[in-house]
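Engineer: Right, I'll just put the structure down here and ask away after.
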Amino acid sequence: YKQLLMVGGIEKYFQIARCFRDENSRGDRQPEFTQLDIEMSFSSQEEILSLIEKLYIEMVKAIAPEKHIMQIPFPRLTYKEAMEKYNSDKPDLRKDKNDKNELAFAFVVDFPAFEWKETEKRWDAVHHPFTKIQNPDNLSDDEFIKKFKKDPDKFLAHQYDFVCNGFEIASGSIREHNPKILQSVFELMGNKTEDVLEKFGHILEAFKYGAPPHGGIAPGIDRFIMILANEPNIREVIAFPKAGDGRDFMMNAPSSIDKEQLKELG
């Protein structure tokens with residue numbers, strides 16, 4: 001939807017969005033959470049990272065003046081550097097891990113574009129299929145598609161993460177707006193052409209009318225509040241949090257559905 005807004009001429013968008021994500025429970029995750037969702041046309045990775053850096057510097061000053069930001073401008077690490085040096089793509093760069101008022105922000109960039117899923121015997125996008133693949137040699141569309149289909153693991157993505165004190169607090173990417181390349185990515189991942197058109201035909205068609213280059217990022221609000229509050233678990237900063245297995249004890253949900261409800265819902 002937000003990418004279609006870019007196609008439709010709304011150049012800058014933000015929303016504080018309530019999200020639902022089905023993923024394994026951890027101390028810094030909840031099935032329901034809140035994001036500051038940002039998307040911008042004609043934007044570069046540099047512009048988006050600069051915006052986030054300014055936002056968080058000013059936000060910390062305003063709401064947590066007792067906190068000290070360890071380094072400004074925020075350090076930037078490539079994914080390769082982060083893994084080789086810290087064995088993590090969300091490294092904790094604090095000099096003293098026990099200093100509760102220190103915030104060590106950093107950006108991690110240049111993630112791999114694709115990874116091989118051994119159990120499924122197929123290539124998959126590391127971030128998501130709409131992430132723009134880096135094309136440092138400025139190859140034509142046909143040359144580029146041929147090359148990345150031959151060696152997918154050799155390509156990096158215009159993907160970036162924003163980390164603080166060992167937590168990922170935002171993730172984003174520049175989007176692929178070329179429908180020919182986007183369809184090739186879906187095919188590389190093992191999707192049949194007819195399935196791609198059925199599921200994503202609307203955005204492929206929209207891009208054919210001419211889409212501006214665009215990209216975005218989505219910081220997690222609850223997770224950052226958890227860090228500022230020095231809480232070990234995100235549930236401590238969310239009203240009516242779900243249990244570790246996703247249950248809502250107040251509403252007794254999920255609950256069973258009776259036959260009449262199923263009949264009504266078809």
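Engineer: So what is log10(I(q)/I(0)) for segment 58-133 at q = 0.19, 0.26, 0.28 1/Å, when the Debye sum runs over its Cα atoms only?
Structural biologist: So the normalised log intensities work out to -0.89, -1.20, -1.27.
Engineer: How high is the FRET efficiency from E58 to R26, r the C-beta distance, R0 22 Å, rounded to 0.05? Write out the running numbers ahead of the final one.
Structural biologist: On the way: r = 29 Å, r/R0 = 1.33.
For R0 = 22 Å, the calculated efficiency reads 0.15.
Engineer: Quick one: with all protein chains in place, what share of the accessible area of the chain is carbon or sulfur, to the nearest percent (1.4 Å probe)? Write out the running numbers ahead of the final one.
Structural biologist: On the way: 8020 of 15540 Å².
Exposed carbon and sulfur together represent 52 percent of the surface.
Engineer: Which whole-Hz ³J(HN,Hα) couplings does segment 110-117 yield from phi under the Karplus relation 6.51 cos²θ - 1.76 cosθ + 1.60, θ = phi - 60°, glycine and proline marked x?
Structural biologist: Running phi through 6.51 cos²θ - 1.76 cosθ + 1.60 with θ = phi - 60° gives 6, 6, x, 7, 10, 9, 8, 8 Hz.
Engineer: At R0 = 22 Å, how high is the FRET efficiency between N138 and T78 if r is their beta carbon distance? Nearest 0.05 is fine.
Structural biologist: On the way: r = 21 Å, r/R0 = 0.94.
After rounding, the FRET efficiency stands at 0.60.
Engineer: Between F42 and F249, what length in nm is gained on full extension when 0.36 nm per residue of separation is reduced by their alpha carbon distance? Intermediate results must be reported in sequence, preceding the final value.
Structural biologist: On the way: separation 207, 0.36 × 207 = 74.52 nm, distance 4.54 nm.
Between F42 and F249, full extension yields an extra 70.0 nm.
Engineer: Relative contact order (percent) for segment 37-195, with alpha-carbon contacts under 8 angstrom and 6 or more residues of separation?
Structural biologist: Details: 224 pairs, mean separation 36.3, N = 159.
In percent, rounded to a whole number, it is 23.
Engineer: Counting only heavy atoms of the protein chains, get the accessible area per residue of segment 108-210 (1.4 Å probe) and round it to a whole Å² value.
Structural biologist: Details: 5240 Å² over 103 residues.
With the other protein chains kept in place, segment 108-210 gives 51 Å² per residue.
Engineer: Once the Cα atoms of the chain are picked out, what are the Rg and Dmax in Å?
Structural biologist: 20.6, 61
Engineer: Just need the relative contact order of the chain here, percent rounded to a whole number, with Cα pairs under 8 Å and 6+ apart.
Structural biologist: Dividing the mean separation by the residue count of the chain yields 24 percent.
Engineer: Continuing with the same structure: Can you give me the accessible area per residue for segment 1-83, using a 1.4 Å probe, in Å²? Mind dumping the intermediate values first?
Structural biologist: Numbers: 5130 Å² over 83 residues.
Per residue, segment 1-83 has 62 Å² of solvent-accessible surface.
Engineer: Oh, and also: In whole angstrom, how far apart do the alpha carbon centroids of segment 38-71 and segment 173-239 sit?
Structural biologist: Result: 21 Å between the Cα centres.
The values are calculated or read from the model by the stated rules, or taken from the named source; none is laboratory data. What you see is a predicted model; the values in this text were computed from it and never measured. Methodologically, a virtual Cβ is constructed for each residue, glycine included, from the backbone with ideal geometry; neighbour enumeration extends over all protein chains shown. When the accessible area is computed, the model is the full protein with side chains, heavy atoms only, and any ligands, DNA or RNA have been set aside. Shrake-Rupley method; radii C 1.70, N 1.55, O 1.52, S 1.80 Å.
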